[in-house]
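Visitor: Before anything else, here's the structure in question.
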Amino acid sequence: MSLLEQILKIAQKYPERIALAEAERDYSYREMFDAISKISEQIRVVNPSERPVLIFGKNDFLTLAAMLATNVTGRAYIPVDAHTPFERTEMIYSASKPSLVITTLPLTDRFKALFANRIEVDAQLSDSGLKDFPEIDLSQAVSGTDSNYIIYTSGTTGTPKGVEVSQSNLASFTRWMNHDFEQIEQNRILSQALYSFDLSIFSLYPSLTTGGSLISLSRDETTNFKLLFERLNSTIVNTWVSTPSFVDICLLDPSFTQERHPELQQFIFCGEELTMKTAEKLLAAFPSASVFNTYGPTEATGAISSIKITPEVLAKNERLPIGYAKPGVDLRIMENEIIIVGDSVAKGYYENPDKAVTQAFFEIEGKPAYHTGDAGSISDDGLLRYQGRIDFQVKFNGFRIELQDIEANLQALSSVEGAVVLPQYNEQHKVTALVAFIKTNRTFTDKAEERTFTKEIRKELSKTIMDYMMPTKYVYQKEFPLNQNGKVDRKAFKVKGRGE
Ligand code: AMP
């Protein structure tokens, strides 16, 4: 049975259960399929080509319904968060050439012009008042190796690259999540990650295929601590899914404890290193909860390994292991790099002509394989350990960033002659700052002038990079250090806490 068939079956069984809860309102499975049915009908009327559909929206009910409706018509969806700067959205648009854009919020004129072929989903659509379960035809829906979604992630050239994930990749991931983690009846799962990040699939598909409820946090709630704590203290969550960085914020609130949240039974982390410090704090606050550290890149569909972090695991390790492989995946270490082989490996980078990029995907013994760029080791019993990156990708506040992406966009500015961006690490191997070294002819008579220049650079840069990629420190130099080959010597720049 395909994922959509599973979701439909559970929805028909429990039509009045909450599929998704926003702060203001709950939406039932019946209402979700009502919205899916209407949006898929709108797509059919437009009758676009078979190419993917770009969904421009927020983390909310309508955007989720638009993604599933796209799959119902047999097309892959490309989730793009509405806060993506215009120029970056344009890059994704021209790289993916979608057949159609579906928007779930009002657009500015520039976006309207870019998204010429579009459907604007009206918020009224979720208030139909219909009481019967809608008719839904899944005969054209994505299944098997059809593409399910394309998620765009930071690329080394300064242009995002799209990871194309099939329905069967996603089904394999969902099956694993539904078997190997704690199974909770009428699970209420936190849905915090933006749909444009693959961490969101940890919540969406396991919840919807088992009749669970998505507890959806808006961007306002995730960026405003007061709103966040109010929401968390006024709702029930059984399963927590987030990056470790996000739970670090929540741990700042003294009410984030088991006593206050007795229903919170499991925490699932992915996306960046779970530090000893975070795990220790969390287990102290929630001694009875299960804490899972999972690992995997977007290119291998969510996660491919996991381990339950217990006080014993904490006592035995100095750096937490990242787990045992999920069924269907075979892990290898080649020249110190973690290689993922098997049914989780995505189809590739969508229509990407750059061989240097696409060669990360390859085959081993006829099976799909992926070079993670992560350094690691595997013990005899199959336990995987992470030892940092072998390239210039970093995680900053839980977000994946190619440093060269920032550098390329800095270099494109007329006032910048050269740019090197370097991470600053703390003793827990966590990036605490991104330092931009900028080569420029400008001379500053005082600090105020330098600050004005930095402001200008940040303003220009914010047009092409996501806000979470913005460097936090700026150092201006007339010359860059060069190595013996005459190339810029990245190792010669002085940053605190290097050596990751
Ligand atoms: P993303 O595609 O955003 O999920 O980022 C994938 C990358 O995040 C991996 O290649 C790792 O570098 C890092 N990562 C993901 N999970 C973990 C983990 N549990 N521990 C350490 N690094 C992780």
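Visitor: Suppose we keep only residues that are more than 15 Å from Asp374 (Cα to Cα) and within 15 Å of the ligand (Cβ to nearest atom) within region 326-339. Which one would you say is surrounded by the fewest Cβ atoms within 10 Å (Cβ to Cβ)?
Guide: My answer is Val329.
Visitor: Right, here's the next one. State which residue is nearest to Glu230 (Cα to Cα) when the search covers only region 258-291 and only residues that are within 8 Å of the ligand (Cβ to nearest atom) and open to solvent by less than 30 Å² (accessible area, probe 1.4 Å).
Guide: Phe269
Visitor: A further question follows. Checking the condition among the small types (Gly, Ala, Ser) and open to solvent by 40 Å² or more (accessible area, probe 1.4 Å), which residue from Ser191, Ser168 passes?
Guide: Ser168
Visitor: Just for region 148-162: of the residues that are open to solvent by 20 Å² or more (accessible area, probe 1.4 Å) and more than 13 Å from the chain's Cα centre (by Cα), which one is farthest from Phe197 (Cα to Cα)?
Guide: Applying the first criterion (open to solvent by 20 Å² or more (accessible area, probe 1.4 Å)) to region 148-162 yields 152, 156-157, 159, 161.
Checking the rest, the ones that are also more than 13 Å from the chain's Cα centre (by Cα) come to 156-157, 159, 161.
On the way: Thr156: 18, Thr157: 20, Thr159: 16, Lys161: 13 Å.
Only one residue tops the list, namely Thr157.
Visitor: Scan region 162-207 residue by residue and report those that are in contact with a strand residue (DSSP E or B) (Cβ under 9 Å, 6 or more places away or on another chain) and more than 24 Å from Pro244 (Cβ to Cβ).
Guide: Within region 162-207, Gly162, Glu164, Ser166, Gln167, Ser168, Asn169, Ala171, Ser172, Gln186 meet the criteria.
Visitor: For region 360-382, which positions are of a type outside the set (Gly, Ala, Ser) and open to solvent by 50 Å² or more (accessible area, probe 1.4 Å)? Steps first, please.
Guide: First, pick out the residues of region 360-382 that are of a type outside the set (Gly, Ala, Ser): 361-365, 367-368, 370-372, 374, 378, 380-381.
Phe362, Glu363, Glu365, Lys367, Pro368, His371, Ile378, Asp380, Asp381 - these are the residues of region 360-382 that are of a type outside the set (Gly, Ala, Ser) and open to solvent by 50 Å² or more (accessible area, probe 1.4 Å).
Visitor: Among the numbered criteria (1) of a type outside the set (A, V, I, L, M, F, W, C); (2) within 12 Å of the ligand (Cβ to nearest atom); (3) over 21 Å from Lys58 (Cα atoms); (4) open to solvent by 10 Å² or more (accessible area, probe 1.4 Å), which single criterion is violated by Thr294?
Guide: Here Thr294 meets the rest and fails (4).
Visitor: Tell me yes or no: at least one residue of region 435-446 is charged (D, E, K, R), more than 25 Å from Gln387 (Cα to Cα) and either in contact with a strand residue (DSSP E or B) (Cβ under 8 Å, 6 or more places away or on another chain) or touching a residue at least 60 places away in the same chain (Cβ under 8 Å) (or both).
Guide: For region 435-446, residues charged (D, E, K, R), more than 25 Å from Gln387 (Cα to Cα) and either in contact with a strand residue (DSSP E or B) (Cβ under 8 Å, 6 or more places away or on another chain) or touching a residue at least 60 places away in the same chain (Cβ under 8 Å) (or both): present.
Visitor: Here's a follow-up. Looking at Phe396, Phe453 in this structure, which one is out of contact with any Asp or Glu (no Cβ under 6 Å at 6 or more places or on another chain), at pLDDT 95 or above and farther than 30 Å from Ser306 by Cβ? Spell out how you get there, then give the answer.
Guide: On the way: Phe396 fails: farther than 30 Å from Ser306 by Cβ.
Sole residue among the options that is out of contact with any Asp or Glu (no Cβ under 6 Å at 6 or more places or on another chain), at pLDDT 95 or above and farther than 30 Å from Ser306 by Cβ: Phe453.
Visitor: Here's something else I'd like to know. In this structure, does Gly342 turn out to be open to solvent by less than 50 Å² (accessible area, probe 1.4 Å), under 20 Å from Tyr386 (Cβ atoms), within 12 Å of the ligand (Cβ to nearest atom) and of a type outside the set (D, E, K, R)? Walk me through how you get there before you give the answer.
Guide: Numbers: open to solvent by less than 50 Å² (accessible area, probe 1.4 Å): yes; under 20 Å from Tyr386 (Cβ atoms): yes; within 12 Å of the ligand (Cβ to nearest atom): no; of a type outside the set (D, E, K, R): yes.
In short, no.
Visitor: Against the conditions (1) over 30 Å from Ser94 (Cα atoms); (2) of a type in the set (Val, Ile, Thr); (3) within 15 Å of the ligand (Cβ to nearest atom), where does Thr310 fall short? Just the number, please.
Guide: The one condition Thr310 does not meet is (3).
Visitor: Search region 39-58 for residues that are modelled with pLDDT under 95 and pair each with any residue that is surrounded by fewer than 22 Cβ atoms within 10 Å (Cβ to Cβ) when their beta-carbon atoms are under 6 Å apart and the residues are at least 6 apart or on different chains.
Guide: Going by the 6 Å Cβ cut-off, the qualifying pairs are Pro48/Ser99.
Visitor: Being closer than 16 Å to Met67 by Cβ, more than 18 Å from the chain's Cα centre (by Cα) and open to solvent by 30 Å² or more (accessible area, probe 1.4 Å): is that true of Leu208 here?
Guide: For Leu208, the condition - closer than 16 Å to Met67 by Cβ, more than 18 Å from the chain's Cα centre (by Cα) and open to solvent by 30 Å² or more (accessible area, probe 1.4 Å) - is not met.
The values are calculated or read from the model by the stated rules, or taken from the named source; none is laboratory data. The structure displayed is predicted, hence computed values, not measured ones. Cβ coordinates were reconstructed from backbone atoms using ideal geometry, including for glycine residues, and neighbour counts include every protein chain displayed. In case anyone asks, the SASA skips ligands and DNA or RNA and just uses the protein heavy atoms, side chains included. Shrake-Rupley method; radii C 1.70, N 1.55, O 1.52, S 1.80 Å.
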